[in-house]
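For reference, the structure discussed in these notes is given below.
Bear in mind these aren't lab numbers, they're just calculated from the coordinates by the rules spelled out. Being a predicted model, the structure only gives us computed values, none of them experimental. Backbone-built Cβ (ideal geometry, glycine too); neighbour counts: all protein chains shown.
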Amino acid sequence: MIPKGAYTALVTPFVNGEVDENALRELIDFQISEGIDGIVPCGTTGESATLAHEEHKHVIEVAIDAARGKVPVIAGTGSNSTDETIALTKHAKEAGADAVLLITPYYNKPTQEGLFQHFSKVAQEVDIPQLLYNVPGRTALNMLPETISRLSKLENIVGIKEATADMEQISWIRELCGEELDIMSGDDATVLPLLSIGGSGVISVVSNIMPKEMSALCSAFFSGNYEEAQRLHYRLLPLARVLFCETNPIPVKEALHLMGKITQEIRLPLTRLSEENRTRLQDVMKTLEVI
């Protein structure tokens, strides 16, 4: 089990083609000062697919050091190679991560049995809490509730980031796994609905920009203040929409640049936000008074 609440899927800031360590540390300080419940470096939002192995390891090490034990660090260590996943997961454990986030293997499209064996092998090889990550829109592969249920029986597998936005599927996972598995939202627009069916929190893109409000939404729900949770859900919803107007993390990196926190650098094949969508983003951020 990991603590309930809002975890930020951190961007990886760059400057002149290199990881901007100073900006990364400042982002983490901002997150902690705003009351975030945890941070997740080197996930999709962190452009992990374009990080060299040494960069990947460095970002995780910096995040752990910058967090200083104040909040949990869930390190993204998944890959479409089982051996590579194991190697990155071993490093995260040695570096002091509290848990790891493991995406379903992309491109090679394993069967459900292949998924089971992949995650089982990682759990067997590395003794650290592990969260599965199901995001069919990125991987062209949906990990089915029955497979997730089988994996939930393994001691190291403690949770899943569910980014299908399919409440029926997520309900089915909860029904099969009960409280053996924490279910985290991977879609900012569906945090409140997911919490209402037994979810444990969110791994959020929106909280890069508004960590206090996303954390407060989760806290309000868990304390039984459903009216406040609903108010925050609708306050954050326009930002959740505009941050996915183009491929994540294109809009969120532009948003952080507008806040003066990072450069506009993003690695190819991703490109900077279009002018039209930049105007949309600015309008939403001005309305929310974050710029």
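Using label points projected 7 Å from each Cα along Cα→Cβ, tell me how many nm separate E227 and E276, to one decimal.
In this crude label model, E227 to E276 measures out at 4.2 nm.
Taking the chain as a Gaussian network, Cα atoms linked when under 10 Å apart, which of C245, C42, C218 shows the biggest mean-square fluctuation?
Its mean-square fluctuation being the largest, the pick is C245.
Collect residues whose amide H, placed 1.01 Å from N in the peptide plane, falls under 5 Å from the amide H of A75; neighbours closer than 5 in sequence don't count.
Under 5 Å from the amide H of A75 lie the amide H atoms of D98, A99, V100, L101, each far enough along the sequence or on another chain.
Using the Karplus curve 6.51 cos²θ - 1.76 cosθ + 1.60 with θ = phi - 60°, what ³J(HN,Hα) values do you get for each residue of the range 204-218, in whole Hz, with x for Gly and Pro?
Couplings: 10, 8, 3, 6, 4, 9, 10, x, 4, 6, 5, 5, 5, 4, 5 Hz.
If I take every Cα pair under 8 Å that is 6 or more residues apart in the range 1-120, average their sequence separation and divide by the length, what percent do I get for the relative contact order? Let's see the in-between values first.
Working: 176 pairs, mean separation 27.1, N = 120.
Normalised by residue count, the contact order of the range 1-120 is 23 percent.
Only Cα pairs within less than 10 Å get springs; with that Gaussian network setup on the chain, which residue of G38, G198, G17 has the largest fluctuation?
Evaluated over the chain, the most mobile residue of the options is G17.
Give me the one-decimal nm value for the distance between modelled label points at K121 and V290, 7 Å along each residue's Cα-to-Cβ direction.
3.9 nm
Under 5 Å between amide hydrogens, which residues at least 5 positions from F14 or on another chain qualify, with H placed 1.01 Å from N in the peptide plane?
Those qualifying (amide H under 5 Å, at least 5 residues apart or on another chain) are D20, T263, E265.
According to a simple spin-label model (label point 7 Å from Cα along Cα-to-Cβ), what is the distance in nm between Y106 and I197?
Roughly 2.5 nm, to one decimal.
Hey, which of these cross-link pairs are over 32 Å Cα-Cα: K109/K212; K90/K153; K93/K286? Spell out each step's value before the answer.
Values: K109/K212 37 Å; K90/K153 21 Å; K93/K286 40 Å.
Too far apart for the 32 Å limit: K109/K212; K93/K286.
Could you list which residues have their amide H under 5 Å from that of K161, counting only those 5 or more apart in sequence or on another chain, with H placed in the peptide plane?
L132, Y133, N134, M184
Name the longest site-free stretch of the chain, where the excluded sites are GluC sites (Glu not before Pro) in a DSSP loop with no more than 13 other beta-carbon atoms within 10 Å. Spell out each step's value before the answer.
Details: sites that count: E155, E289.
Counting at most 13 other Cβ atoms within 10 Å as exposed, the longest clean stretch of the chain is 1-154.
Under the Karplus relation 6.51 cos²θ - 1.76 cosθ + 1.60, θ = phi - 60°, what is the ordered set of whole-Hz ³J(HN,Hα) values for the range 27-35, x standing for Gly and Pro?
Once θ is set to phi - 60°, the couplings for the range 27-35 become 4, 5, 4, 4, 4, 5, 5, 8, x Hz.
Between E113 and E179, take the C-beta separation as r, use R0 = 35 Å, and let me know the FRET efficiency to the nearest 0.05. Spell out each step's value before the answer.
Values: r = 26 Å, r/R0 = 0.74.
After rounding, the FRET efficiency stands at 0.85.
From the helices alone, meaning DSSP H stretches of at least four residues, give me the mean residue ellipticity at 222 nm for the chain, per-run term -39500 (n - 2.57), in deg cm²/dmol to the nearest 500. Could you put the intermediate results ahead of the total?
Details: 12 runs with 136 residues, N = 291.
Computed ellipticity for the chain at 222 nm equals -14500 deg cm²/dmol.
Using the beta-carbon distance between T50 and E21 and R0 = 22 Å, what value does 1/(1 + (r/R0)^6) give for FRET efficiency, to the nearest 0.05? List each step's numbers first, then the result.
On the way: r = 17 Å, r/R0 = 0.77.
Taking R0 as 22 Å, the efficiency between T50 and E21 is 0.85.
Of the labelled options (i) 18.8; (ii) 21.0; (iii) 19.8, which one gives Kirkwood radius over Cα pairs in Å as computed for this structure?
After the calculation, the listed value that fits is (i).
So if R0 is 41 Å, what FRET efficiency would D29 and W172 give, r being the distance between their Cβ atoms, rounded to the nearest 0.05? If you can, show how the numbers build up before the last one.
Values: r = 40 Å, r/R0 = 0.96.
Between D29 and W172 the formula returns 0.55.
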